[in-house]
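Undergrad: My questions will all concern the structure given below.
The values are calculated or read from the model by the stated rules, or taken from the named source; none is laboratory data. What you see is a predicted model; the values in this text were computed from it and never measured. With ideal geometry, Cβ positions are generated from the backbone for all residues, glycine too; neighbour counts draw on all protein chains shown.
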Amino acid sequence: MRPFNHLNARSAAEAVELLRRPGAVAMAGGGDLLGAMKDDIFETYPTLVVNLKTIPGLSGVTVEGNALVIGAMTMLGDLSRDSLALQYAPALAAAAGMCASPALRENTTVGGNLCQLPRCWYFRKLNNRFDCARKGGETCFALNGDNRYHSVFGACTFSDKNGHKRACIAVNQGELAPVLAALDASVVTTERTIPVEAFFVADVMTATVLHPGELVTAVSIPLLPARRAVYKRFSFRKSIDFPVINLSVSVDADRHYRICFGGVAPLPHRALEAEALLDGKTLTPELCIAAGDAALKGGRPLEANAYKLQLMRTLLKRELEGMMET
C-alpha cells in the first residue's frame, strides 16, 4: 500500500467536512476499501482515510415511530443477533448472518455492505491492469471476456468525465440490498432520505448516488402489520463467498408482493412481472412455477452465465412454495 493520512472523525458533521477534501475516502469496517487500496485499483490513490468508527451514535437498532432504524455503523454480526431485528425484520437478520465469515461479520458494517464497489474481477484486477469503464476507461471487458458471474439483464449505461457513454455488466452482490428493497426500506444520509431502490447506480468508481462528502447514517424500514419476508442466497461455498444470486420476497396482509434479486443485474433487480402475476392471489404450486418463469422476463444471458436464469427460477419457486399458506 502507498502512504496515506488517517483521521478519526468525532462526529458526522466533521466526517462530512473531511470527506469533501480532495483524495479523501470514508472507512467503515474497512474490508472493501483496504482491499481496493492494496490492489491499487484507484486512478488517483486516496490521500486521506476518514475513520467513521469513532463517530458516536451511528450503530444500533431501534424502533422509532413506525419504523425499524438501523445505524449505518452497525456490524453485520450484531444485526444478525439483534432482538429487534429478529422480531421485526428476521429476513434482514438472516441475510446479515450469512455474509462472508463469522469473523468478517464482526467487522463489516451495514453502510459498508451497501456502499461497496463492484466485485468484477476486471474492475478489481491488481494494479489497475484493466482500465475498464467503471474506472473511467472505454471498455467493459466482461462483455467479451469471462462473464460467468455477470449480469443476465443487460448493462447499466453512464457517462464518463468527458461525457462519453459507457456500459458495465458487473452485478450488485451486496447481501442486504435485496432484502431492504423487498422491505421497501430507505437509506438515511447526512443530506436526505433515499428509497433503497434509488440508492444504487453504476457509475465511474461508485455504486451509489452519494454526493462527495455525503454520509450514510442509517437505514429505515417501515413496519407493516402482518408482513412476512424471506431471504435466500446461492453461493458455491458456504463461507467467504459473495452470493452468486440472492433473493428476497415479502408479502403484506393484502397479498402485495415485492421480489428482489441480487447478483443478476448491475442494480438490485425487482421481478415486476412476477409481482404483478402474484398480486392479491393465494399461492398455489402452479402459481409458484408461473412466477418463477415470469421473473425471467427481459433476461439477456451472456455466453457463460445463462445458468443464472435457471437459478432465479428455482430459487423463487422454492421460496414461494415455502410461503404457501397451510
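Undergrad: Checking K232 against (1) assigned to a strand (DSSP E or B); (2) farther than 22 Å from Y88 by Cα; (3) touching a strand residue (DSSP E or B) at 6+ places or on another chain (Cβ under 6 Å), which single condition isn't satisfied?
TA: (2)
Undergrad: Could you list, in sequence order, the residues of segment 197-229 that are in a loop (DSSP other than H, G, I, E, B) and of a type in the set (D, E)?
TA: Result: E214, single match.
Undergrad: Would you confirm, using the coordinates I've provided, whether C120 is part of a loop (DSSP other than H, G, I, E, B), crowded, with 19+ Cβ neighbours inside 10 Å, in contact with a His (Cβ under 8 Å, 6 or more places away or on another chain) and at negative phi?
TA: So C120 passes the test.
Undergrad: What helices (runs of 4 or more DSSP H) lie completely within segment 1-116 and have 1 or more residues being under 16 Å from the mean Cα position of the chain (by Cα) and among the charged types (D, E, K, R)?
TA: 31-39, 102-105
For every residue, the table says whether it meets (1) without any contact (Cβ under 8 Å) to a residue 60 or more places away in the chain; (2) touching a Pro at 6+ places or on another chain (Cβ under 6 Å); (3) under 22 Å from M27 (Cβ atoms); (4) basic (K, R).
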site: M73; (1), (2), (3), (4): yes, no, yes, no
site: D78; (1), (2), (3), (4): yes, no, yes, no
site: A93; (1), (2), (3), (4): yes, no, no, no
site: C99; (1), (2), (3), (4): no, no, yes, no
site: A103; (1), (2), (3), (4): yes, no, yes, no
site: G111; (1), (2), (3), (4): no, no, yes, no
site: Y122; (1), (2), (3), (4): yes, no, no, no
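Undergrad: Any residue that is at pLDDT 95 or above, more than 22 Å from K135 (Cβ to Cβ) and of a type in the set (A, V, I, L, M, F, W, C) - is there at least one of those in segment 18-35?
TA: Yes, segment 18-35 has at least one match.
Undergrad: Another one. For segment 180-205, what are the residues that are buried (at least 16 other Cβ atoms within 10 Å of the Cβ) and β-branched (V, I, T)?
TA: First, pick out the residues of segment 180-205 that are buried (at least 16 other Cβ atoms within 10 Å of the Cβ): 180-190, 194, 196-197, 199-200, 202-204.
Of everything in segment 180-205, those that are buried (at least 16 other Cβ atoms within 10 Å of the Cβ) and β-branched (V, I, T) turn out to be V187, V188, T189, T190, I194, V196, V204.
Undergrad: Identify all residues within segment 58-96 that are farther than 21 Å from L224 by Cβ and surrounded by fewer than 18 Cβ atoms within 10 Å (Cβ to Cβ); write none if there are none.
TA: G60, R81
Undergrad: Can you tell me which residue is surrounded by the most Cβ atoms within 10 Å (Cβ to Cβ) among those in segment 276-317 that are farther than 18 Å from N246 by Cα and among the polar types (S, T, N, Q)?
TA: My answer is T284.
Undergrad: So I169 passes all but one of these: (1) over 24 Å from A229 (Cβ atoms); (2) more than 16 Å from the chain's Cα centre (by Cα). Which condition number does it fail?
TA: (2)
To keep it simple, each residue is scored yes or no on (1) without any contact (Cβ under 8 Å) to a residue 24 or more places away in the chain; (2) at positive phi; (3) of a type in the set (S, T, N, Q).
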{"site": "V171", "(1), (2), (3)": "no, no, no"}
{"site": "E175", "(1), (2), (3)": "no, no, no"}
{"site": "P178", "(1), (2), (3)": "no, no, no"}
{"site": "A182", "(1), (2), (3)": "no, no, no"}
{"site": "S186", "(1), (2), (3)": "no, no, yes"}
{"site": "T190", "(1), (2), (3)": "no, no, yes"}
{"site": "A202", "(1), (2), (3)": "no, no, no"}
{"site": "M205", "(1), (2), (3)": "no, yes, no"}
{"site": "G213", "(1), (2), (3)": "no, yes, no"}
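Undergrad: Another question, then. Is it true that some residue in segment 271-283 is on the phi < 0 side of the Ramachandran plot and in contact with a Cys (Cβ under 6 Å, 6 or more places away or on another chain)?
TA: Kept after step one, since they are on the phi < 0 side of the Ramachandran plot, are these residues of segment 271-283: 271-279, 281-283.
This time we only want the ones that are in contact with a Cys (Cβ under 6 Å, 6 or more places away or on another chain), so: none.
No, there is no match, as no residue in segment 271-283 is on the phi < 0 side of the Ramachandran plot and in contact with a Cys (Cβ under 6 Å, 6 or more places away or on another chain).
Undergrad: So if I check each of V230, V216, which one is touching a Gly at 6+ places or on another chain (Cβ under 8 Å), crowded, with 16+ Cβ neighbours inside 10 Å and within 21 Å of L33 (Cα to Cα)?
TA: The match here is V216.
Undergrad: List the number of the failed condition for T44; all other conditions in (1) without any contact (Cβ under 8 Å) to a residue 24 or more places away in the chain; (2) hydroxyl-bearing (S, T, Y); (3) closer than 19 Å to L215 by Cβ hold.
TA: (3)
Undergrad: So which helices (runs of 4 or more DSSP H) are wholly in segment 265-326 and hold at least 3 residues that are of a type in the set (D, E) and at pLDDT below 95?
TA: By residue number, no helices (runs of 4 or more DSSP H) qualify.
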